[in-house]
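The values are calculated or read from the model by the stated rules, or taken from the named source; none is laboratory data. Computed from a predicted model, the values in this text were never measured in an experiment. All Cβ positions, glycine included, derive from the backbone under ideal geometry; neighbour counts span all protein chains shown.
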Amino acid sequence: MAEDTKYFEQQKQFWERDTLKKRRSPEHPVIKEYVVSKIDEIGKYIPIEKNTRLLDVGCGNGFFTYYFDQVCDVFGIDFSEKMVNLNPVKNKAVMNAEELKFEDNSFDVIFCHALLHHVDDIDRVVQEMKRVSRKWIVLLEPNRNNPLMFLFSLLVREEWKAMRFSLRYMKRFVKRNGLTVNKSFSYGMIVPNKSPKFALPFLRLFNFRQPFGMTNFIIASVSDEK
C-alpha cells in the first residue's frame, strides 16, 4: 500500500507541475490534427452522435474532450485539479480513475487517452471503465514499438511504464478483464506536445495504420451478460 501511495504521489506531482500551463491548447493546429484524425478512426466502428454519452477518463486539459464536446454528450474526469481547470469544457470533475463516481452503465462509450501507462493498477481502472460502460471502451496509448516513443518513455521517469505498451500487451490486459477486442491497430506519427507546427503538412501524410505508428488503438466491447 505504501508503494501504491508513493507512485500515486509521484504522478500527482508530475501532473500538477507549473510547466503544464505551457501545454498546448486543444485548438492548436497540431493538437487538432492529432485528435480529429483519431476520432474519425473511432467513428468507423462506433457511432458517436449528439445523444451519445461519452466519458473521457484522464481528460487532461481537454485535447479530446474539447472535440468530443462538439459531437456528443461528453463528461471529462482527471485526478489532476490543474489539468481539469485547464480543460475548456463545462462537464468535468476531479476524480480518480480507480474509483469512478458514476452508476453502473452510465455511459455509452468510455474513452481513455494516454492514461493507463500512468496508473498503478491497470486492472482496477479497466474494471471501473467496464462497470460504467453500456457497450464500448476505447483505449489509446503510446506505441512502445515506435523507436522515438520508446526513447522518450525511457528518458522520462513518469513515462517508464509506457515501455510495456505494445498492442499485444494491451490486448492481454483487456481480455483478462472480460472485454472483447473488436479492433486493434497502431496509427499516425504526430506527437501532440512535441511535433512542430511547420512539420504538420508532412506528418499528415502518415495519418494511417502502421506497425510503428505513435499511437496504439484498442476498441473493445462489454459483454451484454456482464
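Identify, please: which residue in segment 193-220 is under 21 Å from the mean Cα position of the chain (by Cα) and basic (Lys, Arg) and is, among those, modelled with the lowest pLDDT? In this case the residue turns out to be 194.
All of (1) in contact (Cβ under 8 Å) with a residue 24 or more places away in the chain; (2) more than 25 Å from residue 52 (Cβ to Cβ); (3) over 15 Å from the mean Cα position of the chain (by Cα) hold for residue 143 with one exception: (3). Of the residues making up segment 146-176, just one is in a loop (DSSP other than H, G, I, E, B) and either free of Cβ contacts under 8 Å to residues at least 24 places away in the same chain or over 18 Å from the mean Cα position of the chain (by Cα) (or both), namely 156.
Of the residues in segment 77-84, at least one is in contact (Cβ under 8 Å) with a residue 40 or more places away in the chain, over 22 Å from residue 222 (Cα atoms), among the small types (Gly, Ala, Ser) and touching a helix residue (DSSP H, G or I) at 6+ places or on another chain (Cβ under 9 Å). Do we have residue 131 as surrounded by 16 or more Cβ atoms within 10 Å (Cβ to Cβ), over 17 Å from the mean Cα position of the chain (by Cα) and not aromatic (Phe, Trp, Tyr) here? So residue 131 passes the test. Entry remark, segment 53-76: residues being of a type in the set (Asp, Glu) and either surrounded by fewer than 23 Cβ atoms within 10 Å (Cβ to Cβ) or free of Cβ contacts under 8 Å to residues at least 40 places away in the same chain (or both) number 2 in total.
Looking at 71, 89, just one residue is more than 14 Å from the chain's Cα centre (by Cα), hydrophobic (A, V, I, L, M, F, W, C) and within 18 Å of residue 40 (Cβ to Cβ), and that residue is 71.
Out of all the residues in segment 87-101, is one or more over 23 Å from residue 192 (Cβ atoms), free of Cβ contacts under 8 Å to residues at least 60 places away in the same chain and touching a helix residue (DSSP H, G or I) at 6+ places or on another chain (Cβ under 6 Å)? The answer is yes; a qualifying residue exists. Residues that are surrounded by fewer than 16 Cβ atoms within 10 Å (Cβ to Cβ) and out of contact with any strand residue (DSSP E or B) (no Cβ under 9 Å at 6 or more places or on another chain) were ranked within segment 105-126; the one that is modelled with the lowest pLDDT is 121. Name the residues in segment 177-208 that are of a type in the set (A, V, I, L, M, F, W, C), in a helix (DSSP H, G or I) and either in contact with a Phe, Trp or Tyr (Cβ under 7 Å, 6 or more places away or on another chain) or in contact (Cβ under 8 Å) with a residue 12 or more places away in the chain (or both), would you? Matches in segment 177-208: 200, 203, 206.
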